[in-house]
1. Arrange the peptides 156-169, 24-37, 72-85 so that the one whose residues have, on average, the most other Cβ atoms within 10 Å appears first.
2. Which entries of Lys134/Lys198; Lys31/Lys186; Lys71/Lys134 show an alpha-carbon separation above 29 angstrom in the structure shown?
Amino acid sequence: MLTFILVVLMLFLIPGPAVFLTISQTIKGGKKNGIITGLGIAVGDLIHTLAAVVGLSAILMTSTLAFGVVKYLGSAYLVYLGIRALLEKSKKIEKPITNKKVNNNLSFRQALLIELLNPKTSLFFLAFLPQFVKSDGSPVTIQLLMLGLTFVLMSIMYTTLLVFLTSTIGNKLLVKSNSSSNWFGKVVGIVYIGLGIKLALQTHE
């Protein structure tokens, strides 16, 4: 388990689309919005864990068609988010709005969909978790669930840390200076589109 935790910590140093979404939503909507986005990522990881345990992820590994369908759906969704961010009207950055019920729900759904619509995540769980299963230990299903839940809990802690760091840096660099958020929306849009293109170019191999 200690080895598993250390490896996961190293993997967290390589940010993906969902992590970038957490950072951007924190800057736009405050800490609560960022934490809820992180929870959406965690729920997506939990679903991938359950899918790997019951063998559903094996379909993506063996079927090029299924892999392609999920891949292009995820790519299209990222590009959609990017275009929407590029077209968003500029506005002044103010103090985070406390009443963010709709935006919080939207952020949760976006993070969940981005995590679910990345076939590489499914294959990651299917290939990664079994490496830490003991042949002479408890039932394999229980071990996989424990490893997956550990990953999910670590993901929540990691994204929460990102939220607090982003909020602190954002308040100092953006809110206090009252600079325009238009440039940030453009950067977000370009990065999302880039991630969508990268996902579309990924191969089944």
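1. Numbers: 156-169: 17.1, 24-37: 23.5, 72-85: 18.6.
Highest-to-lowest ranking by the protection proxy: 24-37, 72-85, 156-169.
2. Working: Lys134/Lys198 35 Å; Lys31/Lys186 21 Å; Lys71/Lys134 32 Å.
In this structure, Lys134/Lys198; Lys71/Lys134 exceed 29 Å between Cα atoms.
Only the coordinates and a few stated rules stand behind these numbers; no lab work does. All figures in this text were calculated on a predicted structure; none of them were measured in a lab. So basically every Cβ, Gly included, is an ideal-geometry build from the backbone, and we count neighbours across all protein chains shown.
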